[in-house]
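Contents: one structure, followed by commentary.
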Amino acid sequence: MDRVAAGFWGAFFCTAALMLLMSLAAFVQSHKRVALMAALTSLVSAAFVVAYLGWLPIGLEVEARVLGHVAVVAAIALALMLMLMLGMLRRGAVNQRALVPVLATGALAIVVGWLLEPTQQLALGSLYAMTLAAAMVVVAVRGARRGDRAGWVASAVLVLAMVSVAGLTWIALKRPAEWPVHAVSALAAIAYLCIIARMLWARYSYLLELAEVMRHGPSYDPVTRMRSHSETGQLVGDVFFRREGEAQRVGVIAICIANLYALENLHGRAAFNHALFVCAGRLRRCVPQYVEMGRLGEDGFLLLVRNGDDMSRVEQLARTVRERLARPVALSTSRDAAGLDAAGTTWIAEVGVGVLGTTTQARPSQAVGTARAMARTAWSYGSRLARYDTEAGQIAELPPEEPREQREAA
């Protein structure tokens, strides 16, 4: 094998190794079925390529028979995996109708192969793999025409698998093969792994979302992936639960976005949801774990800092939040999933942040209402930050930067 062909196959093995690492990450997150499918796909594909490239330490005749078995087993494994992804193994009686022909023809190909010469068994195994892939393409296209979007993806996976198997069969029967054959086979195998990884990632993301919904139930807001309005009210009640003789400081940060409704009027509800989704994601990434957060109305968020004795820290958190949320957002104005990545317009959130220091002895509704009013008042300030000045007894602007005296004291 020349250097060019070795480079293409090196890229393939790097892709398989990366997919294996992804499966380990999914396994750590307790999604064992997704991890198992990703690991088997990467390992079986790598073993298939290693065998067909002639890297097994065995004789030529034994190698040809091994390759015939490898082709049959790998084809059956691919067919079962795609059947599982397409939902064909979850429909009761369909299980037997789908599984029996695949397993029976695979066993027949192995038995007949032992009656042939080693190279003929290799050709038969490869022919079986390509025939099974072609049959699965027909099934996948039928499902796609009935509205199953995964059918088109499965069809692409099967076509790439057929191209790779054909090239590897040519390489195994005619050695040494030209480097273009290696290049086409390797690129098809890499594309095959990438599409399988994309399908598994979609399944993994769905399971993550489902786990979050099952954990929070009706209190989960799918747009922001935070507590819903009702759950935020329950959170406020828990934080401000008063005990006799005890009073703790609480930092309350209310965030209101002024131009969300204008965005909805201009570009529709889809753009509104997209903007809210991006803002919530930025908020989750910049807020420390000890800060409780949830939705506050349709256009805002609420942050609660327990043991908020250090108001300078709470105010600095408000500055960070305001800086993150005020960054430009490239929004999609399309409802079609295929156009979500295309930026339809650039939007900047008009954020108002209100900071309030209070105690657990205060009325929760009054504290939250005051903080929200301060956030709306902050829209009129240049810094978009507002706090309650206890000395003046009124709402005042919070400087966008912490005063030098406070930084030096800290």
For the range 270-320, enumerate the residues that are of a type in the set (D, E) and closer than 22 Å to T377 by Cβ. E298, D299, E315
Being touching a residue at least 60 places away in the same chain (Cβ under 8 Å) and either not assigned by the TED database to the domain that holds A74 or not in a helix (DSSP H, G or I) (or both) is the filter here; which residues of the range 6-55 pass it? Q29, H31, L53, G54
Out of everything in the range 275-292 that is in contact with a helix residue (DSSP H, G or I) (Cβ under 9 Å, 6 or more places away or on another chain), closer than 24 Å to L331 by Cα and of a type outside the set (V, I, T), what residue ends up being surrounded by the fewest Cβ atoms within 10 Å (Cβ to Cβ)? R285
Quick one: which strands (runs of 3 or more DSSP E) lie wholly within the range 233-327 and hold at least 3 residues that are among the hydrophobic types (A, V, I, L, M, F, W, C) and in the same structural domain as P400 (by the TED database)? 249-257, 300-306
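Which residue out of A133, A123 is under 24 Å from A51 (Cβ atoms), open to solvent by less than 20 Å² (accessible area, probe 1.4 Å) and out of contact with any Phe, Trp or Tyr (no Cβ under 8 Å at 6 or more places or on another chain)?
Of the residues listed, the single one that is under 24 Å from A51 (Cβ atoms), open to solvent by less than 20 Å² (accessible area, probe 1.4 Å) and out of contact with any Phe, Trp or Tyr (no Cβ under 8 Å at 6 or more places or on another chain) is A133.
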Residue tally, condition over 14 Å from V252 (Cβ atoms) and at pLDDT below 90, over the range 311-325: 1
Which pairs do you get when a residue that is farther than 17 Å from V353 by Cβ, found in the range 265-290, comes within reach of a residue that is open to solvent by 90 Å² or more (accessible area, probe 1.4 Å), reach meaning Cβ atoms under 6 angstrom, with the pair 6+ apart or on two chains? A270/R335
Within the range 339-360, track down each residue that is farther than 30 Å from H267 by Cβ and either in contact with a Pro (Cβ under 9 Å, 6 or more places away or on another chain) or at pLDDT below 85 (or both). T360
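The values are calculated or read from the model by the stated rules, or taken from the named source; none is laboratory data. No experiment lies behind these values; they were computed from the predicted model shown. Note that each Cβ is placed from the backbone with ideal geometry, even for glycine, and that neighbours are counted across all protein chains shown. Calculation scope for accessible area: heavy atoms of the full protein, side chains included, ligands and nucleic acids excluded. Shrake-Rupley method; radii C 1.70, N 1.55, O 1.52, S 1.80 Å.
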